[in-house]
Structure formats: C-alpha cells, structure tokens
1. Please identify the helices of the chain, taking whole runs of DSSP H, that span at least 15 Å along their own axis as judged from the Cα atoms and have a mean Kyte-Doolittle score of 1.0 or higher.
2. Given labels modelled 7 Å from the Cα in the Cβ direction, how far is it in nm from LEU4 to GLN60?
Amino acid sequence: MFILLFLLAVTAFSIFMMIRRKQGLWLTVPVLAMFGYVIVQIIMVPAPFGETVRFIFNLQ
C-alpha cells in the first residue's frame with residue numbers, strides 16, 4: 001500500500017512540475033520510478049538475476 005501511495009505522490013508531483021515549468025520531461029519521473037521498483041523486486045528474488053530474468057521473459 002505504501003508503494004502505491006508513493007507512486008501516486010510521485011505522479012502528482014511530476015504533473016504539478018510539468019504544468020508549472022512547462023517541461024514534458026517531468027512525466028518521465030513516474031515511469032522511471034516504476035521501472036526502478038520492478039528492478040528492485042527482480043533483484044529481491046533469491047534466484048540468480050540472469051535466471052530470474054529469463055524465467056520472466058519465458059512465461060507465456
């Protein structure tokens with residue numbers, strides 16, 4: 001639940017900064033935050049990193 005609230009806060013802050021500064025680059029911040037969260041979750045799996053990534057992409 002904390003992660004969801006954090007990502008919502010990051011998104012709201014990014015939208016606010018995009019409107020205030022008129023720079024669309026601020027919209028990449030929530031995407032990078034979500035990407036970072038996924039990478040951290042993959043790293044937390046006890047199996048080796050390469051094997052975990054291969055398993056994820058081999059799911060059908």
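No lab work stands behind these numbers, since they all come straight from the coordinates. Predicted, not measured: the structure shown is a model, and the values here were computed from it. Don't worry about glycine lacking a Cβ; one is built from the backbone with ideal geometry, like all the others, and counts go over all protein chains shown.
1. Both cut-offs are met by 2-21, 28-43.
2. Distance between the two pseudo-spin positions: 3.3 nm.
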